[in-house]
Amino acid sequence: MKGISVSKGVAIGKAYRLDSTNFCIIKHRILEADIEKEVVRFCQAIEKTKLQMAEIKKRAEKIADKYAVILDTYSLLLDDDILINDTIEIIKKHKTNAEWSLTQTLNNFLKHFNNINDDYLKGKKDDLDLLVQTILKNLVGHSQETISDISEPVIIATYSLSPSDTIMMPKNFVKGLVTETGGKTSHVGIFAAALGIPAITGVKEVTSKIKSGDQIIVDGIDGEVIISPSNKTIQQYENKQANYRIYEENLLTNIHQQAETLDGYQVKLLANIESNHEIKTLHKFGVEGVGLYRTEFLYMAAASLPRERELYENFKQVVQEMGNQPVVIRTLDIGMDKQLLSDSKNNEEDNPALGLRGIRLSLAKPQLLTDQLKGILRASSYGNVKILYPMISSATEIIQANKILEDAKNQLCKEQIPFNEKIEVGAMIETPAAAICIDHILNEVDYISIGTNDLIQYLLAVDRVNDSVAHLYQPFHPSVLRSLKNIMRSAENTDKKVSICGELGGDPMATMLLLGLGKIDALSMEPHSVPKVKKIIRTTRIQDAQKLADDVLKMSCPDEISSFITNEMRIRFPEDFDRNISFEEKLNPASNQ
Ligand code: PEP
Ligand code: MG
């Protein structure tokens with residue numbers, strides 16, 4: 001059975017089918033005189049859930065910081081007026097039981113998510129659903145099937161896994177995870193990846209096919225579940241499992257090495273982060289700084305907008321943890337797929353991708369930008385901080401934003417608060433306008449950071465989160481590659497640094513091509529991609545990379561380019577790109593014959 005691989009590795013063992021089917025909630029009317037009692041019952045269930053979440057969070061912090069952040073979101077949702085007040089209002093207005101009223105609130109709330117295609121938020125939708133299930137369990141006094149009773153090594157197969165289930169899981173005994181719901185960024189995936197447990201989500205109907213005790217294989221590399229495998233298949237996957245472990249261990253041996261090509265060209269490998277909690281784990285991957293701190297996640301879960309002090313405290317923590325290493329803090333890039341929960345008005349735009357997003361919103365609401373810039377400036381006295389403006393489409397926007405930056409600096413001077421006067425300012429290059437007028441942009445900034453995620457979407461006129469045009473979202477499209485080359489060439493004529501912080505920058509399949517296109521000072525990516533990208537850089541010669549780029553730039557068809565690159569990379573780096581060779585056959589002499 002096929003699903004979405006959310007945590008790599010191979011698990012082989014006995015299945016444990018956890019029953020997590022949702023409640024069937026029945027609507028019933030309550031008497032006028034019982035309304036207050038019903039509200040109290042609901043509030044007690046919320047309080048109980050809050051205590052459970054606090055306990056779970058304590059345990060989570062010991063396991064995975066990134067996971068603890070998700071649980072912060074739960075606490076915020078539990079404090080949120082929308083969930084609690086709306087439910088109480090429904091109880092009072094419609095005289096319906098708390099369980100039913102809560103489900104109605106959830107449905108109204110989920111409608112909000114329906115127009116959003118972002119994977120991250122889709123994961124949040126599942127999480128919210130699970131949180132409501134926990135409250136419902138507390139309302140009906142349901143005693144859960146206890147996952148903590150598991151006392152032998154198993155692979156858990158379940159419809160969905162609640163945060164409490166995930167935390168209560170006896171880690172030593174859980175070898176793998178399979179769920180029917182959940183996307184790439186759902187909490188199950190993040191948690192499993194943090195613990196190194198192979199996991200697959202989105203395996204439709206898996207719970208009706210698997211019984212507890214069945215022998216199963218979870219292949220988190222290729223996103224497959226195999227039920228009742230033959231001995232031969234088990235042996236084949238045992239090899240794959242061993243080979244993948246060796247491969248991962250080998251990759252991590254380069255964490256203290258420079259990302260330098262065979263002919264001495266150095267590239268800094270930086271991390272994209274979304275929360276201050278991620279900082280502590282960065283050293284594991286050999287990251288040399290933060291190349292993109294997406295600050296919008298600080299705003300998205302918040303009921304009210306964070307102000308200067310809160311932002312400053314958050315940024316300061318990141319900067320201090322990173323020591324002398326650079327920390328690039330991007331100003332708010334709200335809009336399109338990332339909306340503020342506290343500002344539903346923005347959702348009403350007909351065409352939000354072309355609407356008030358990124359720097360446009362900041363310039364329209366200068367106080368928002370001032371608070372951010374003052375927070376960043378104050379943190380700059382603790383380390384190597386840089387400012388990055390998102391969604392720039394003309395030099396004028398940078399000039400306007402820099403005026404607000406000057407005002408922010410003046411305010412801090414008056415308040416006698418220290419900051420780095422020479423703080424570097426950069427622009428994201430992610431609109432065709434910025435790519436074409438790159439010389440104008442370069443005149444106004446200290447460095448540029450190419451946001452390939454949006455640059456590809458806007459160049460190709462393909463919505464980056466719309467499944468029906470996903471096949472047209474082609475990073476290896478010639479217009480993308482030409483644009484990148486033009487941007488890099490323009491920067492070569494200046495002393496301004498160039499980095500890439502879109503997904504393409506962290507895709508090892510693209511590393512050699514990017515090196516061949518022109519000047520790159522840094523690549524910023526999901527931290528776990530750093531060792532593999534570094535491996536490619538350390539075994540590449542710039543001359544070869546340039547030859548590869550020249551060959552590719554002569555091609556006109558994106559699919560042709562894509563197959564050419566895949567083929568070239570498989571030949572040059574068989575262990576990294578040809579999965580069959582690296583994990584299944586190579587160390588298994590029997591199957592090679
Ligand atoms: C990008 O557009 O490439 C980028 C890094 O920013 P985001 O994905 O946050 O839009
Ligand atoms: Mg972007």
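The values are calculated or read from the model by the stated rules, or taken from the named source; none is laboratory data. Because the structure is a prediction, the values reported are computed rather than measured. All Cβ positions, glycine included, derive from the backbone under ideal geometry; neighbour counts span all protein chains shown. In case anyone asks, the SASA skips ligands and DNA or RNA and just uses the protein heavy atoms, side chains included. Shrake-Rupley method; radii C 1.70, N 1.55, O 1.52, S 1.80 Å.
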Env charge @ Gly213, Cβ radius under 12 Å, K,R +1 / D,E -1, value +1
In the full protein assembly as shown, how much of Ser394 is accessible to a 1.4 Å probe, in Å² to the nearest 10?
40
For the pair Asp34 and Ile542, how long in nm is the line joining their label points, each one 7 Å along Cα→Cβ?
7.8
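Estimate the FRET efficiency between Lys58 and Arg489 by the formula 1/(1 + (r/R0)^6), using the beta-carbon distance for r and 56 Å for R0, to the nearest 0.05.
Values: r = 53 Å, r/R0 = 0.94.
FRET efficiency, Lys58 to Arg489: 0.60.
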Dimensions in Å of the stretch 225-340 - Rg and Dmax from alpha carbons
20.4, 61
Take the cross-link list Lys50/Lys386; Lys175/Lys204; Lys2/Lys532; Lys211/Lys240 and give me the ones stretching past 32 Å between alpha-carbons.
Lys50/Lys386
Bounding extents of the stretch 348-452 in its principal axis frame from Cα atoms, largest first in Å, are 43, 33, 20
Past 26 Å, Cα to Cα, is the threshold; run Lys316/Lys414; Lys284/Lys485; Lys409/Lys496; Lys14/Lys57 against it and keep the listed order.
Lys284/Lys485; Lys14/Lys57
